[in-house]
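The values are calculated or read from the model by the stated rules, or taken from the named source; none is laboratory data. It should be emphasised that the depicted structure is a prediction, and the values quoted were computed from it without experimental measurement. Neighbour counts are summed over all protein chains in view; Cβ atoms, including those assigned to glycine, are modelled from backbone coordinates with ideal geometry.
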Protein chains: 4
Amino acid sequence: MLVVMQAGATPEQIARVIDTIQSLDLTPHPLPGATRTAIGITGNTGAVDSRQLEVLDGVKECIRVTKPYKLASREMHPADTVIDLPQGKLGPGTFTVIAGPCSVENEAMILKTAEFLVEIGVRFLRAGAFKPRTSPYAFQGMGLEGLKILQKARERTGIAIVTELMDTEYAAAVEEAVDVIQIGTRNMQNFSLLKRVSQTRKPVLLKRGMSATLEEWLMAAEYVMAGGNYRVILCERGVRTFSDHSRNTLDLSVIPPAKSLSHLPVFVDPSHGTGKRAYVPAMSLAALAAGADGLLVEAHPEPDRALSDGAQSLDFNGLKALLGQMRQLAVPLARKMA
Amino acid sequence: MLVVMQAGATPEQIARVIDTIQSLDLTPHPLPGATRTAIGITGNTGAVDSRQLEVLDGVKECIRVTKPYKLASREMHPADTVIDLPQGKLGPGTFTVIAGPCSVENEAMILKTAEFLVEIGVRFLRAGAFKPRTSPYAFQGMGLEGLKILQKARERTGIAIVTELMDTEYAAAVEEAVDVIQIGTRNMQNFSLLKRVSQTRKPVLLKRGMSATLEEWLMAAEYVMAGGNYRVILCERGVRTFSDHSRNTLDLSVIPPAKSLSHLPVFVDPSHGTGKRAYVPAMSLAALAAGADGLLVEAHPEPDRALSDGAQSLDFNGLKALLGQMRQLAVPLARKMA
Amino acid sequence: MLVVMQAGATPEQIARVIDTIQSLDLTPHPLPGATRTAIGITGNTGAVDSRQLEVLDGVKECIRVTKPYKLASREMHPADTVIDLPQGKLGPGTFTVIAGPCSVENEAMILKTAEFLVEIGVRFLRAGAFKPRTSPYAFQGMGLEGLKILQKARERTGIAIVTELMDTEYAAAVEEAVDVIQIGTRNMQNFSLLKRVSQTRKPVLLKRGMSATLEEWLMAAEYVMAGGNYRVILCERGVRTFSDHSRNTLDLSVIPPAKSLSHLPVFVDPSHGTGKRAYVPAMSLAALAAGADGLLVEAHPEPDRALSDGAQSLDFNGLKALLGQMRQLAVPLARKMA
Amino acid sequence: MLVVMQAGATPEQIARVIDTIQSLDLTPHPLPGATRTAIGITGNTGAVDSRQLEVLDGVKECIRVTKPYKLASREMHPADTVIDLPQGKLGPGTFTVIAGPCSVENEAMILKTAEFLVEIGVRFLRAGAFKPRTSPYAFQGMGLEGLKILQKARERTGIAIVTELMDTEYAAAVEEAVDVIQIGTRNMQNFSLLKRVSQTRKPVLLKRGMSATLEEWLMAAEYVMAGGNYRVILCERGVRTFSDHSRNTLDLSVIPPAKSLSHLPVFVDPSHGTGKRAYVPAMSLAALAAGADGLLVEAHPEPDRALSDGAQSLDFNGLKALLGQMRQLAVPLARKMA
């Protein structure tokens, strides 16, 4: 961390800052300059609120240098994390598609979807048993009954199950029922929930918050990892901006820096990112080309009759066609696809 | 809701849209125009996902007309909601200050703060026992022990307690201990938590999500009200934008539309909104002038030694001076202040 | 356009709205509903400010249905625009790379760059003679002398020249010197400049404004087309958001809707979009996969010594390697590359 | 400026950075730390692109310490700038209202407005002769004829004229005709225009760009001041965010930091900021309470018939009522109002 003093800061003000730094068990390194003095700080500055120093007299600003995350950081852990499940490896070198409907609507549609996915080579099924809905009057998901349906789909087809956990109350049930626990965008900073899933033995797919910076996203991953669960998958799903041509602004540009700053796999959800089925294929191909490790994509046997998010769901033919295009594109990009 | 057909939509496409609307138990009203046809929809469209219609062939776009919230809506409930507590009324005509430190650090500082607040006429104490922190390595609050300290402050001074609830696990304890339950910005769409507090008998202060639209904020209030708890206080605390001169962008401009669309009281948190103590007084005065019903402001006996958010906390003298300014300003604005 | 009345609007208020619509030479179509009345409007509503109606008593809101652009609209002009220049066709089916340094620094580097580009198959050179710089103290470009150097590069190598025009004063000189006139992001709504280039005979590459919606961008294109210059190329270059991991947030998700709403070619500038050289290749490949028609990319013989934007420039080896990757990727995407 | 090296940077990499800094005529100050080395830089770093250093091997990031603006900076020029015109002083201690219609529509309405304004004590008239319109098909203003009408209003009433200049072509005419030259939000980074008005003898009211940071805004002021025109008035008018309850998000929170970082007067335009007449009074009072030095507000004799922006214009009664409220509020705030 670096404290920058104002141009006219007095020696007393500088001394006060140095004292304060020492009282925090950190080491100050004064650096006098032509027009002003800066003070470098070394030691464990991770938990220091830089504004504590900024309020001291004579301080102009305080600049953080060290990243506050450790376990999620590539600098501390240079090798890529690859998550190895019976249905496939998630991480660099591969490109994994996780597909399925927004929500579990009934047993028949989930089994039909699972069978179709396995048939076309997709080995990860996504579907929500618990649904976060903006309106209290909208369908809220089938709950525990939905989890049972998902388990049946796995038993029948061997497909891996990815589903969202919305509160600690159902953590044990979801952990038991699924292969990957999804944390939704609205819960990226639900720290109680992050701590709870850090205690599970299942990988966690962590969606980026709607207005989360990359650092905040990695700090959320750090919460899960700090509790002992190192198998975290980051998933970009669009951020909130002024731009109104799509439901959210899918930020594919976060992929290269996320992979540079962290060793965790990065997935992309083009369905929530765009909100419109017609734009999903282009964004899926772009995600693959941009270096993502996989896709979380909505597909439904009859999107026009879906109970939620039908408008952004591909139908089965659409998903099959997209898979074909992605497999072709994966070749020059040297990525393995199931 | 209004469905707008494309310029060249065929009669068959129009008929298909009309059928679909009827299958949703709604009534279609075709409206042929010079270059295209629009179809008005009446009935209970609250839970309809407009994109279900947008994916039909020949549809250009689908426009929502009715607001999806009812209980929070001023149209349905024209009279202002005033929350009547022993320590004062929260709502139009008054201006209520809720002040205190970011977190409960120890008993002495809370008692000292409560006594000071009562002395200067502030009858609501805010302080966090449970703290949402971006870093898992930062101080996470004193928890249940903190609640006990807050209760002791109330017993001693009669001050009302406002504190944040972060998860359903501690809902009963927080409901028991406090006078107003705060839902933080990161939990504005933690629907499990909203449903849980809808079952309590305590008023809920609902902070606006970092990137929540006004409609989403009112829908979050609707979750609480739909469960039977009608005493909701909205609290603006700054939103996420490109702007980097302050911690968040305090959106005072949301006050007039919030009060126009809803009958609920609207408070402002200038401390998180700006993130810097020096900017808090100006924004507090502006909030009062803009029509807010009160303030949630951080004050600490020794801000420079605070365990969290000290940089945005006023010290006692600063709070007292601000109160004096606000009381003067309240006169021409015809607002009562304690 | 659709006017939505409040739930309790009186017949007199409705009549007043109908009168006002007629006074604007438009036709009102009242549509009574269960809880409120809506009034459809037909006629030429393009230049109507919807807020004129919103201020009338009893009006809840006013919703625009028809798009305000005509010439840029695919609905009016379904066929793709392809811009045919001696150096290549710009538009669907191809993928065209425009490369070069941020600014013209001297004759030697421009000639060297042009020769290298032609050698590797790039037939469009970008370089700024006039530079928009945030600081008045930064290098502002070589001006007219820079234009002469660019012309010399074209004479020597046959390469097409793309350069930015910043003010009407130099419009004639730039029109004379270059093959494509670039309008920068800061000037996307410099309407005087748009009108001026609408009078030239050269194609216009129109960068998206930093915070422009898709509609505003297409309206800016409409300005150029309304003046008689139909050869407009849209160029996405990153938008302003809260996200801080890159210089701007490159919005690749705008490509599908831009191509759906308009017939104009869409290019992408990954250099300004990301601001960092290391992220340019991934975003270039993603732009190609997302359906862009070409790339505007910064390349410099010695990026570390560039007078401006060196950090986001590829070096020659980097550009050559990227071209190779893009040519491989273009095959499964059925796109021709020079 | 501070260069932060990566944890594992080699001595050679550090030496290379030091060399590069020296080659830019700056002085490096190496600062070895526990886990990494940082290198402070002193000298004139204002025009250095920090990314030039960031691309060197072993560099983690590069942090700017000194502000790039000088003339606009309060640090360099601690005393407040007050702009002294015959019609009043603009700056701290006063609160000045500039009012009038969006555009000059005809002579009668301008004279009527000017007379009304003078009668109620407003001595600055705003009205556009040249109008920046999103659509090429919308009314573009009366141009030079409009300027003549404004001059006539001044001759008759002594009112000062504030009007927008959109291009260099009309700079001389506008300079001649008006008392304050307005630069609109879309032209805040039209550097040719900024350089041109830096050559005039009239004060410049510089609107903040729709997505400009405070630093960029001050750099735009620096352009005008660097050319010799020190009389710049900053004017906040709302920024572009995800928030959709108002036309723009009026950023009142920029006032305290703008006044802290710069000595220039800060005005607020609540009309464009909100886009709705009903919200203008609340935001005007809030601007005054927040510390703004004045207001730029739209008022029209018959807003419902205005050729542009009628929906955000106050009518005469509305303006008069608002003035009354502001004069009452100015008393406890110790601000003089005409």
Of (1) more than 30 Å from A:ALA226 (Cα to Cα); (2) within 14 Å of chain B (Cβ to nearest Cβ); (3) of a type outside the set (Asp, Glu), A:ALA72 satisfies every one except (1)
Do we find a residue being touching a Leu at 6+ places or on another chain (Cβ under 9 Å) and surrounded by fewer than 21 Cβ atoms within 10 Å (Cβ to Cβ) anywhere in segment B:283-290?
no
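Give the residue that is surrounded by the most Cβ atoms within 10 Å (Cβ to Cβ), with candidates limited to residues of segment C:185-235 that are of a type in the set (Phe, Trp, Tyr) and in contact (Cβ under 8 Å) with a residue 40 or more places away in the chain. Explain how you work it out, then say what you get.
Pass one, segment C:185-235, residues of a type in the set (Phe, Trp, Tyr): C:191, C:217, C:223, C:230.
Now drop any that are not in contact (Cβ under 8 Å) with a residue 40 or more places away in the chain, which leaves C:217, C:230.
Values: C:TRP217: 26, C:TYR230: 19.
Among those that are of a type in the set (Phe, Trp, Tyr) and in contact (Cβ under 8 Å) with a residue 40 or more places away in the chain, it is C:TRP217.
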If we keep only residues of segment D:304-326 that are farther than 17 Å from D:MET283 by Cβ and assigned to a helix (DSSP H, G or I), then the residue nearest to the chain's Cα centre (by Cα) is D:GLY310
Among the residues of segment D:116-132, is any charged (D, E, K, R), at pLDDT 95 or above and out of contact with any strand residue (DSSP E or B) (no Cβ under 7 Å at 6 or more places or on another chain)?
yes
Looking only at segment B:133-172, how many residues end up being assigned to a loop (DSSP other than H, G, I, E, B) and either among the hydrophobic types (A, V, I, L, M, F, W, C) or more than 30 Å from A:TRP217 (Cβ to Cβ) (or both)?
7
Given (1) more than 8 Å from every other protein chain (Cβ to nearest Cβ); (2) outside any strand (DSSP E or B); (3) within 24 Å of B:VAL97 (Cβ to Cβ), B:GLN199 misses just (3)
Could you please find all residues in segment C:132-184 being out of contact with any helix residue (DSSP H, G or I) (no Cβ under 9 Å at 6 or more places or on another chain), touching a residue at least 40 places away in the same chain (Cβ under 8 Å) and within 11 Å of chain D (Cβ to nearest Cβ)?
C:ALA138, C:PHE139, C:GLY184
Applying the selection to segment A:238-266, what residues are buried (at least 23 other Cβ atoms within 10 Å of the Cβ) and closer than 19 Å to A:ILE83 by Cβ?
A:ILE255, A:ALA258, A:SER262, A:LEU264, A:PRO265, A:VAL266
What number of residues within segment B:103-115 satisfy the criterion of being out of contact with any helix residue (DSSP H, G or I) (no Cβ under 6 Å at 6 or more places or on another chain), outside any strand (DSSP E or B) and closer than 18 Å to B:GLN312 by Cβ?
3
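Taking segment A:60-90 as the region of interest, how many residues are of a type outside the set (A, V, I, L, M) and outside any loop (DSSP other than H, G, I, E, B)?
Filtering segment A:60-90 for residues of a type outside the set (A, V, I, L, M) gives A:60-62, A:64, A:66-70, A:73-75, A:77-78, A:80-81, A:84, A:86-89.
Right, trim to outside any loop (DSSP other than H, G, I, E, B) and you get A:60-62, A:73, A:84, A:88-89.
Looking only at that region, the number is 7.
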The conditions are (1) in contact with a helix residue (DSSP H, G or I) (Cβ under 9 Å, 6 or more places away or on another chain); (2) within 14 Å of chain C (Cβ to nearest Cβ); (3) surrounded by fewer than 19 Cβ atoms within 10 Å (Cβ to Cβ), and D:VAL118 fails exactly one of them. Which is it?
(2)
Hits in segment D:290-303 - residues which are more than 21 Å from D:LEU205 (Cα to Cα) and in contact with a helix residue (DSSP H, G or I) (Cβ under 6 Å, 6 or more places away or on another chain)
D:PRO301, D:PRO303
Can you report the number of residues in segment D:303-338 which are modelled with pLDDT of 95 or more, more than 16 Å from D:PRO270 (Cβ to Cβ) and of a type in the set (S, T, N, Q)?
2
Out of all the residues in segment D:190-239, which are over 28 Å from A:PHE242 (Cβ atoms) and polar (S, T, N, Q)?
D:SER198, D:GLN199, D:THR200, D:ASN229
Unmet criterion (only one of (1) in contact (Cβ under 8 Å) with a residue 40 or more places away in the chain; (2) surrounded by fewer than 22 Cβ atoms within 10 Å (Cβ to Cβ); (3) more than 12 Å from chain D (Cβ to nearest Cβ); (4) more than 23 Å from the chain's Cα centre (by Cα)) for C:LEU329
(2)
Test: residue in segment C:91-102 that is assigned to a loop (DSSP other than H, G, I, E, B), more than 19 Å from the chain's Cα centre (by Cα) and crowded, with 23+ Cβ neighbours inside 10 Å:
yes
Within segment A:92-101, is there a residue that is closer than 22 Å to A:GLU145 by Cβ, within 14 Å of another protein chain (Cβ to nearest Cβ) and modelled with pLDDT of 85 or more?
yes
Could you check segment A:207-250 and list, in sequence order, the residues that are touching a Phe, Trp or Tyr at 6+ places or on another chain (Cβ under 8 Å), among the acidic types (Asp, Glu) and outside any helix (DSSP H, G or I)?
A:GLU236
Would you point out the residue of segment A:267-281, among those that are surrounded by 24 or more Cβ atoms within 10 Å (Cβ to Cβ) and free of Cβ contacts under 8 Å to residues at least 40 places away in the same chain, that is farthest from the other protein chains (Cβ to nearest Cβ)?
A:VAL268
Working only within segment C:85-115, note down all residues that are over 23 Å from C:HIS272 (Cα atoms) and touching a strand residue (DSSP E or B) at 6+ places or on another chain (Cβ under 8 Å).
C:LEU85, C:PRO86, C:GLN87, C:GLY88, C:LYS89, C:GLY93
Tell me, which residue of segment B:242-259 that is more than 7 Å from every other protein chain (Cβ to nearest Cβ) and of a type outside the set (A, V, I, L, M) is nearest to A:THR241 (Cα to Cα)?
B:ASN248
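Could you say whether any residue in segment A:75-89 is of a type in the set (Lys, Arg) and within 20 Å of D:ARG64 (Cα to Cα)?
Filtering segment A:75-89 for residues of a type in the set (Lys, Arg) gives A:89.
This time we only want the ones that are within 20 Å of D:ARG64 (Cα to Cα), so: none.
Looking through segment A:75-89, none of the residues is of a type in the set (Lys, Arg) and within 20 Å of D:ARG64 (Cα to Cα).
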Exactly one condition in (1) within 15 Å of B:PHE267 (Cα to Cα); (2) more than 14 Å from every other protein chain (Cβ to nearest Cβ); (3) not aliphatic (A, V, I, L, M) is not met by B:ARG123; state its number.
(1)
Tally time: how many residues in segment B:282-316 are at the interface with chain A (Cβ under 10 Å from one of its Cβ atoms) and of a type in the set (A, V, I, L, M)?
3
Hits in segment B:173-189 - residues which are part of a helix (DSSP H, G or I) and over 12 Å from B:PRO132 (Cα atoms)
B:ALA173, B:VAL174, B:GLU175, B:GLU176, B:ALA177
